[in-house]
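**Q** Supplied in structure tokens, the structure appears directly below.
Here, each number is a calculation from the coordinates, and none is a lab measurement. The structure displayed is predicted, hence computed values, not measured ones. Glycine also receives a Cβ, built like all others from the backbone with ideal geometry; neighbour counts cover every protein chain displayed.
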Ligand code: PMT
């Protein structure tokens, strides 16, 4: 059997790894969605959100996961919708989603919002359910916006689980979205696995224990941003995220990414400060992807003064401004 390289080019990856069964159907729904948005002359943003998995077996029992609850992506999607964008929300199955994120089962369980109203004694009426008064205003506001987005048809939701699903879907959606040229934004907040097990190296059945320690050699996932910028998207406004735990690496790694992939902007965030501080890192000459002069600007919020504030509101506001300038260039 031919041995496979341990660092795949994007091309080799797509030639050797099979597409997920749902990709064709997803592409069709993206096409229909884009047609509708073009008729209404809306800008469209693709938001990726949540972590990808790397299955260890074909009949998967075990997998490696990437850290991400999906908060950044789901919250940002809401602010993009508010700013008049149509949103393709491509997220990890069961990670947070716009609107329902406010009632996540762990932080704000839905059942705790409800109360049972018993009928008066002797009545044959059934008990009814209502929302507890202290939660009504907030729920009504979220529900109204959710329903109006549904009615306007401005959000399309797609999902992925494994890094393979993600890569195939990202390529397909980016290629479709590229018809919008500069009017499209790509907001890549998903936390993508750096290593994976090619199908050829995976065990068919559950890996059995009892033989001592487990050694797995993984291959490197191709850096998908490069072909995405150079081939799949035409002049789109591409924003990637950089997550680091070591502060010293944050800005240099973001600059490295811009240099390597030639995209528009990196939003750099440190793991423990990501909810109140991020840096925008970009080239001083926006349109020149070979320029190597970089600038950075920080977006910060004061959660002590304003605990309800979400940093994504300011991130999106700044991006909308920059995207407008980009379109007008
Ligand atoms: O969801 P939350 O809990 O709110 O957390 C949000 C977040 C911290 C996950 C998010 O803000 C974030 O930083 N996301 C990117 C994390 C990440 O995976 O960084 P990375 O260095 O592996 O990737 C950098 C960029 O390259 C990403 O935009 C990714 O989409 C892209 N990438 C990564 C790997 C790969 N093979 N190809 C890629 O294109």
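**Q** May I ask for the Kirkwood hydrodynamic radius of the stretch 234-329, worked out over all distinct Cα pairs and given in angstroms to one decimal?
**A** 14.0 Å
**Q** OK, next. How high is the FRET efficiency from residue 58 to residue 105, r the C-beta distance, R0 35 Å, rounded to 0.05? Could the numbers behind the result be given before it?
**A** Numbers: r = 30 Å, r/R0 = 0.87.
Calculated transfer efficiency: 0.70.
**Q** Sorting 243, 271, 225 on the 10 Å Cβ count, fewest up front, what's the list?
**A** 271, 243, 225
**Q** While we're on this one: Which of 280, 110, 14 moves the most in a Gaussian network model of the chain with Cα springs under 10 Å?
**A** 110
**Q** For residue 246 and residue 32, compute 0.36 nm times the residue count separating them, minus their Cα-Cα distance, and round to one decimal in nm.
**A** That pair, residue 246 and residue 32, stretches by 72.7 nm at full extension.
**Q** Fewest to most neighbouring Cβ within 10 Å: what's the order for 171, 92?
**A** Ranking 171, 92 by Cβ neighbours within 10 Å, fewest first, gives 171, 92.
**Q** Based on alpha-carbon centroids, what's the gap between the stretch 232-302 and the stretch 1-69 in Å, whole number please?
**A** Here the two parts' Cα centres lie 23 Å apart.
**Q** With each run of n ≥ 4 DSSP H residues scored as -39500 (n - 2.57), what mean residue ellipticity at 222 nm is computed for the chain after dividing by its residue count and rounding to the nearest 500 deg cm²/dmol?
**A** -10500 deg cm²/dmol
**Q** Could you order peptides 31-39, 135-143 by the average number of other Cβ atoms within 10 Å of their residues, highest first?
**A** 31-39, 135-143
**Q** If you don't mind, there's one more thing I want to ask. Given an 8 Å cut-off on Cα distances and at least 6 residues of separation, report the relative contact order of the chain as a percent.
**A** It rounds to 19 percent for the chain.
**Q** Rg/Rh for the stretch 119-248 to two decimals, with Rh computed the Kirkwood way over all alpha-carbon pairs.
**A** 1.18
**Q** Please give the FRET efficiency for residue 294 paired with residue 209, using the beta carbon to beta carbon distance and R0 = 41 Å, rounded to the nearest 0.05. Walk me through the numbers before you get to the answer.
**A** On the way: r = 49 Å, r/R0 = 1.19.
Computed FRET efficiency for residue 294 and residue 209 comes out at 0.25.
**Q** Further question: For residue 175 and residue 253, what does the FRET efficiency come to when R0 = 35 Å and r is the distance between their Cβ atoms, rounded to the nearest 0.05?
**A** About 0.80, to the nearest 0.05.
**Q** By how many nm would the segment from residue 144 to residue 125 grow when fully extended, if each residue of separation counts as 0.36 nm and the alpha-carbon distance is taken off?
**A** Between residue 144 and residue 125, full extension yields 3.9 nm more.
**Q** Return the ratio Rg/(2.2 N^0.38 Å) for the chain, where Rg is computed over Cα atoms only.
**A** The value comes to 1.11.
**Q** If I model the stretch 46-182 as equal point scatterers sitting on the Cα atoms and use the Debye formula, what is log10 I(q)/I(0) at q = 0.20, 0.22 Å⁻¹?
**A** -1.20, -1.32
**Q** Want the number for residue 41 to residue 94: 0.36 nm per residue separation, take away the alpha-carbon distance, what's left?
**A** Numbers: separation 53, 0.36 × 53 = 19.08 nm, distance 3.12 nm.
Answer, rounded to one decimal: 16.0 nm.
**Q** Right, another one. Mind sorting 9, 76 by how few other Cβ atoms lie within 10 Å of their own Cβ, fewest first?
**A** Sorted ascending by nearby Cβ count, the order is 9, 76.
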